[in-house]
Structure formats: C-alpha cells, structure tokens
Amino acid sequence: MSVNTSILSAIKSLSPASVVFNLLYKMYKQVGAREDADEIYKNTIVILEELLQRGYRFESPEIQAVVNILRDLPAMGAKRANFEKRYLQDEYTLRRLPHDPRKLYGQGCWH
C-alpha cells in the first residue's frame, strides 16, 4: 500500500461531517495537486525551451499554448497571479523559469 493510499484510507475512516475530515482531505488534495503540477511543469519546461531555441516568439501560437498550460499550474488566487506576473509576461520572463519547480517553493507563486 502506498503512502498516499494509506493516508487517504485514514482520512476516509473519519466521519465525512467532521471538520478534521474536511481539513485533512483538502490538504491531501492540495499535496496531490502540487505533485501533479510539478510533473506537468517539468515536462512543459522541456517543450518551452525547445520552442525558444528554435526561435519561436512569445506571440506565436505554440508558445502561447505552453503559456496557457503554465498559467493553470500554480495554486489559485494570489499565487497564480504572482506566477503570471513574474514569469509569463514575455520571452525574457519565460527564460527565467527554473528547470525544477521546487525552486518556486516559498516564492509565493506555487503550491
């Protein structure tokens, strides 16, 4: 049994009406969302770098498709807005994106 499965089993053993259940379940979903976002980010950055090396401009449909994917990855709210302001404005800011999403932790723009 994986750690995630055992955590989810423990959470589900609580009463769904419980405040603790709701809090733990939301935290569990957030961690899963971050892991998924991290994996998608890593794959998307590789594609972005390849497109930029080939000379695609920020305005091109290909780069804009990547920008749209990246825009939806951070947590909702201020973190997403901060990520967009910091990294999704133009070609220069796209090139500043780190290869590893863990470098985004603690910057107020990721999960």
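Each value in this text was obtained by applying a stated rule to the coordinates, not by laboratory testing. These numbers come from a predicted model, not from an experiment. Note that we place each Cβ from the backbone using ideal geometry, even for glycine, and neighbour counts take in every protein chain shown.
Divide the volume of the convex hull of the Cα atoms of segment 32-104 by its number of residues and quote the answer in cubic angstrom per residue.
Values: hull volume 5.6 nm³, N = 73.
In segment 32-104, the Cα convex hull volume per residue is 77 Å³.
Among the trypsin sites (Lys or Arg not before Pro) in segment 33-79, which ones are in a DSSP loop with at most 15 other Cβ atoms within 10 Å of the Cβ? Mind listing them? Show your work: numbers first, answer last.
Numbers: sites: 34, 42, 54, 57, 71, 79; in loops: 54, 57.
Here the trypsin sites (Lys or Arg not before Pro) that fit, given the DSSP loop and packing criteria, are 54, 57.
Label-point separation (nm) for residue 103 and residue 40, each offset 7 Å from Cα along Cα-to-Cβ?
Here the answer is 2.2 nm between the modelled labels.
Arranged by the count of other C-beta atoms within 10 angstrom, fewest first, what order do 83, 58 take?
Values: 83 21, 58 15.
Least to most surrounded, the residues fall as 58, 83.
Would you mind calculating the relative contact order of segment 32-104 from Cα pairs under 8 angstrom and at least 6 residues apart, reporting the percent as a whole number?
For segment 32-104, the relative contact order is 33 percent.
Mind sorting 56, 92 by how few other Cβ atoms lie within 10 Å of their own Cβ, fewest first?
Working: 56 17, 92 8.
Exposure proxy ranking, most exposed first: 92, 56.
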